[in-house]
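The values are calculated or read from the model by the stated rules, or taken from the named source; none is laboratory data. Nothing here was measured: the structure is a model prediction, and the numbers come from that model. Note: ideal-geometry Cβ built from the backbone for every residue, glycine included; neighbour counts use all protein chains shown.
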Amino acid sequence: MKVFFQKKKIVFHSKLNEFSLKNKFSGSISSFLGKVRPYRDKKKVKFLEIEFYKKMAYFQADKNLKKILSKIQIDDFLIIHRYGKLFPGENIILVLVASQHRKDGLVFTKKSVEWFKKEITFWKKENFQLHSSWVKSEYE
Amino acid sequence: MKILYFAQLKETLGKDQDIIQLKSEISVNELIKELILKGGKYKECFEQMKNLRCAVNCEYITNYNKSLKNKDEIAFFPPVTGG
């Protein structure tokens, strides 16, 4: 059960294979793969820069994933989130969940993705052809 | 004590952290006042605290009367945009 933040690319099929083999006696593997979108308001995104508060991201992720796990039963999970410079089409977040029954796996996948997408201490800057701008928070 | 800055705040201040030595415990409010007194970009950023969030030792705080010690790590940043 691990969370990783990394600069290097996420190779979905190899991570899925490794995780599936590691959890070969689980009844289901659920997955979510988030990607960098190529456009924002019809403007072409050249690349994305992600800055994060590493210590707080690990601390808060651990705390909030434990809260989700207190209500459901899963066998294992792997969450990888990238930071640094990312280009459109690249994978940004991968969530893999192994569980005996699909319902718990899907619930964990949904809740953890929602938390990461809204709450993790990350800030995104989109770089367009002529300018760059920080992505606005949902809480602003 | 370590004071961390992120994202737009880091860009505006032109630095990602300050290290200060506290002679005695101070509150977050008092620290913010000290930062404003530095003037320039600090004044500009910390007078508008409504646009900033604050975390002490990786926990969000809303009570700015919380007292700070030298071993604490305090962070100021704009609302997060998530992953």
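Being small (Gly, Ala, Ser), modelled with pLDDT of 95 or more and under 30 Å from residue B:60 (Cα atoms): is that true of residue A:27 here?
No.
Being crowded, with 20+ Cβ neighbours inside 10 Å and under 30 Å from residue A:132 (Cα atoms) is the requirement here; does residue A:74 meet it?
When the stated conditions are applied, residue A:74 does not pass them.
Do any residues in the stretch A:1-24 that are within 14 Å of residue A:80 (Cα to Cα) have Cβ atoms under 6 Å from those of residues that are among the small types (Gly, Ala, Ser), where the two are at least six apart or on different chains, and which pairs are they?
Taking only residues 6 or more apart or on different chains, the pairs are A:3/A:61; A:7/A:84.
Go over the candidates A:128, A:77 one by one and state the one that is under 24 Å from residue B:51 (Cβ atoms), modelled with pLDDT of 95 or more, away from chain B (no Cβ under 14 Å) and in contact with a Lys or Arg (Cβ under 9 Å, 6 or more places away or on another chain).
Answer to the check: A:128.
Here is a list of conditions, (1) within 14 Å of chain A (Cβ to nearest Cβ); (2) in contact with a strand residue (DSSP E or B) (Cβ under 9 Å, 6 or more places away or on another chain), and residue B:48 meets all of them except one; can you say which number that is?
Single failed check for residue B:48: (2).
All but one of (1) modelled with pLDDT under 95; (2) closer than 12 Å to residue A:78 by Cβ hold for residue A:42; which doesn't?
Residue A:42 satisfies every listed condition except (2).
Looking at the stretch A:81-138, which of its residues are of a type in the set (D, E, K, R), part of a loop (DSSP other than H, G, I, E, B) and within 21 Å of residue A:15 (Cβ to Cβ)?
Result: A:90, single match.
If we only count strands (runs of 3 or more DSSP E) wholly inside chain B, which ones have 2 or more residues that are surrounded by 16 or more Cβ atoms within 10 Å (Cβ to Cβ)?
The strands (runs of 3 or more DSSP E) meeting that bar are B:2-5, B:53-56, B:73-77.
Do we find a residue being out of contact with any helix residue (DSSP H, G or I) (no Cβ under 8 Å at 6 or more places or on another chain), over 30 Å from residue A:129 (Cβ atoms) and surrounded by 15 or more Cβ atoms within 10 Å (Cβ to Cβ) anywhere in the stretch A:31-53?
The answer is no; no qualifying residue exists.
Restricted to the stretch A:53-68, and to residues that are in contact (Cβ under 8 Å) with a residue 40 or more places away in the chain and farther than 16 Å from residue B:79 by Cα, which residue is nearest to the other protein chains (Cβ to nearest Cβ)?
A:58
Evaluate the following for residue B:81: is it within 11 Å of chain A (Cβ to nearest Cβ), at negative phi and of a type in the set (S, T, N, Q)?
So residue B:81 passes the test.
Checking the conditions here, which among A:85, A:111, A:103 is free of Cβ contacts under 8 Å to residues at least 24 places away in the same chain and more than 13 Å from chain B (Cβ to nearest Cβ)?
Only one candidate passes the filter, namely A:103.
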